[in-house]
Amino acid sequence: MGRLKHRLTPSDVAASLEHLHVTPRRTPRTPKPRPTPVSARRGGLDGDAWRSAVEHTKTPESKPSPDVLVIDDEDDDDLDDDQLIDDEDEESVANDEEEEEEETVDLEVPTPRRAAVKFAARRDAALADAFERMNRDIFDNQLLDVECSWSKRLRTTAGITRLRRRGKDRTAVVELATHVVDSDPKLDATLAHELCHAAAWVIDNVARPAHGRVFKAWARRVTQVYPHVLVTTTHRYKIAFKFKWQCSDPDCSYSIGRHSNSIDIAKHKMTGGPTTVR
């Protein structure tokens, strides 16, 4: 009689290995290849090449560039005083105080609208002329690469200076507010202030503190050359708004100024009372 052949099943093999205390070896699974994207096939790349290209061209998260620093006239480094004169210079400035008062224009007085309109018509040429004059007379033509332009986006600050570093080169971009700087005296004062920031960075390689000793040294240089221009840490100009709303409550003096008719009096009310603005 022939011997019967017994075919082992997977359960028989597992039982035998368990009896012998042998752990079966697991066969590693081979990952299925990911399908090649259609865009990669059209571009002639296989799947691996496409994934490598994607990893290489990933855009990092957007962060402020460490090579750009923006300084505006509100950045006063917690200084309390407006004057940019050191103690040792107070006596010399006091001697010239009367002369400076006669020549210096009160910039806190709003510019008459007709005069502001005339200035706006020639402000591009006025800015170019003022920059060329100050760069020559004050900064010895060391700010030739500094860009100066007008900005309609600045509403409450007279100007800002963007300090840039490109490799070993340092440069600056000055922007002046068309809504605030509306006369030649304001142009001279604002431009001189912003160029002091630019000079501290471009010439002296100093950005902080914004209104520190280097800035003050350039500010004194401005006044030495142009006694009628007083550079302070902030620009305190009265802005001539085209539209103005005053609280209707006689006991309230609060008002709002805008360059356009953008206040909805049906929605805006004064804090602490039901009165509206008009």
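The values are calculated or read from the model by the stated rules, or taken from the named source; none is laboratory data. All values reported here derive from a predicted model rather than from experimental measurement. Glycine also receives a Cβ, built like all others from the backbone with ideal geometry; neighbour counts cover every protein chain displayed.
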Given the conditions (1) more than 18 Å from the chain's Cα centre (by Cα); (2) not in a helix (DSSP H, G or I), every one holds for residue 215 apart from (2)
Please go through region 190-205 and pick out each residue that is without any contact (Cβ under 8 Å) to a residue 24 or more places away in the chain and crowded, with 18+ Cβ neighbours inside 10 Å.
200
Candidates 189, 219, 177 - the one that is over 11 Å from residue 158 (Cα atoms) and of a type in the set (A, V, I, L, M, F, W, C)
219
Identify, by number, the condition in (1) under 22 Å from residue 69 (Cβ atoms); (2) touching a helix residue (DSSP H, G or I) at 6+ places or on another chain (Cβ under 8 Å); (3) exposed (fewer than 15 other Cβ atoms within 10 Å of the Cβ) that residue 174 doesn't meet.
(3)
Does at least one position in region 226-236 carry a residue that is of a type in the set (Val, Ile, Thr), crowded, with 16+ Cβ neighbours inside 10 Å and at pLDDT 95 or above?
no
Given (1) closer than 19 Å to residue 119 by Cα; (2) assigned to a loop (DSSP other than H, G, I, E, B), identify the lone condition not met by residue 233.
(1)
One residue is enough: does region 187-208 have a residue meeting the conditions modelled with pLDDT of 85 or more and among the basic types (Lys, Arg)?
yes
Only one of 171, 161, 157 that is assigned to a loop (DSSP other than H, G, I, E, B) and under 16 Å from the mean Cα position of the chain (by Cα):
157
